[in-house]
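Remarks on the structure that follows.
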Amino acid sequence: MSSRTPLIAGNWKMHKTGSQAVQAANQLKNLINGVTGVEVMIAPPFTALYPVAQALKGSRIAVGAQNLHWEQQGAFTGEISSEMLVDAGCSHVIIGHSERRQLFGETDAGVNRKIQAALSAKLIPVFCIGETEAQRENGDTFSVLDKQVRDGLLGFAFDDLTGLVVAYEPVWAIGTGKTATREQAQEAHQFIRSLLDKLLGNPFASSVRILYGGSVKPDNVRALMEMPDVDGALVGGASLDPETFSKLVSFNH
Ligand code: PEP
């Protein structure tokens, strides 16, 4: 395991109403009371952000959004700005999730603008990258990751990116039950960290947290977390049930 404080983050996607989300957040808060040495973040849907943030006020569970728009305000029907997320109680925002890229046409250039917007508002971006199954089978994993990192972080200096979290999420492992082996995860994380070293320098690369995402479950989390460049997990399905998610958070206990 790395010396960086691990972050276990739950992406609730389009699940839970406001009251269901508050109930789950309160349950989680009680379940992980006493678990130390790990940071925790949950990302409920937009409509649940404010009540969940209120319920978690003063707790150690951070609240994140699943997306944002890069403009601060204006005629962008259906969009949400960084300022709105901060006002709702968010400290984090997931950017460039593969579902946004694949289902909603999000591009590396858009991801770059969203990271900029998040950082300007002092939100911590959880910047998602990852290859599809076809790209892996073609031997393109590293070139895909290289482009996503370079384009997503284009124009930033290391000190602009303080706090940024990277999430490596192989698309073929998301919601499929197929987890990358811990060796596959480590290989990708090591590649990403050395690329960040080249682009932004060693102090940034050695301190940035790189999460693994893709069918992380209580029975595989520990093995993944033992790898030197795996600094936490971004969890979809297994984050919805507070009991299950609390087991992931306490992987080290
Ligand atoms: C995700 O969507 O970020 C994710 C990792 O999902 P799951 O854990 O369900 O594979």
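The values are calculated or read from the model by the stated rules, or taken from the named source; none is laboratory data. All values reported here derive from a predicted model rather than from experimental measurement. A quick note on method: Cβ atoms are made from the backbone with ideal geometry, for glycine too, and the neighbour counts reach across all protein chains shown. Note: areas computed on protein heavy atoms with side chains; ligands, DNA, RNA excluded. Shrake-Rupley method; radii C 1.70, N 1.55, O 1.52, S 1.80 Å.
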Ignoring everything except DSSP H segments at least 4 long, calculate the 222 nm mean residue ellipticity for the chain; use -39,500 (n - 2.57) per segment, divide by total residues, nearest 500. -12000 deg cm²/dmol
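In whole percent, how big is the carbon plus sulfur part of the accessible area of the chain, probe 1.4 Å, protein atoms only?
Whole-percent figure for carbon plus sulfur exposure: 51.
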Taking the range 128-253, the lysine pairs whose C-alpha atoms sit under 27 Å apart (8 or more places apart or on different chains) add up to 5
Rounded to the nearest 0.05, what FRET efficiency do Gln27 and Lys122 give with R0 = 41 Å and r taken as the Cβ-Cβ distance? Could you check? 0.90
Which residue, chosen from Ala53, Ala75, Leu103, occupies the Cα position most advanced towards the positive end of the dipole of the range 33-172, where the dipole is computed from +1 (Lys, Arg) and -1 (Asp, Glu) charges on Cβ about the Cα centre? Ala53
Given a 1.4 angstrom probe, what's the average accessible area per residue across the range 190-248, in square angstrom? 36 Å²
So for the chain, taking the charge dipole from beta-carbon charges (+1 Lys/Arg, -1 Asp/Glu), which of Leu145, Thr36, Gly232 sits furthest toward the positive end? Thr36
Under 20 Å from a point placed 7 Å out from the Cα of Asp140 along the Cα-to-Cβ direction: which residues of the range 190-229 have their backbone N that close? 191-192
Cα-Cα pairs in the chain separated by more than 33 Å, as a whole percent of all pairs, come to 12 percent
What do you get when you divide the Cα radius of gyration of the range 49-144 by 2.2 N^0.38 Å, with N the number of residues? 1.22
How large is the charge dipole for the range 49-200, taken about the Cα centre, if only the Cβ atoms of Lys, Arg (+1) and Asp, Glu (-1) carry charge, to the nearest 20 debye? 380 debye
Which of Asp219, Asp197, Asp108 ends up with the largest GNM mean-square fluctuation for the chain, with Cα atoms connected below 10 Å? Asp219
Would you grab the residues whose amide H sits under 5 Å from the one on Ile80? Only those 5+ places off in sequence or on another chain, please, with H modelled 1.01 Å from N. His69
In nm², the average projected area of the convex hull spanned by the Cα atoms of the range 89-144 is 4.4 nm²
Reachable aspartates and glutamates from Lys57, Cα under 14 Å, same-chain residues fewer than 8 places away excluded? Asp87
Cα centroid separation, the range 173-250 to the range 88-119 (Å): 19 Å
Any idea how far the Cα center of the range 43-75 sits from the one of the range 20-39, in Å? 16 Å
GNM result for the chain, Cα springs below 10 Å: residue of Gly110, Gly78, Gly213 fluctuating most strongly: Gly78
Calculated FRET efficiency, Lys178 and Arg60, Cβ-Cβ r, R0 45 Å, to nearest 0.05? 0.90
Hits in the range 99-127: amide N under 11 Å from the 7 Å Cα→Cβ extension of Gln72, namely 121
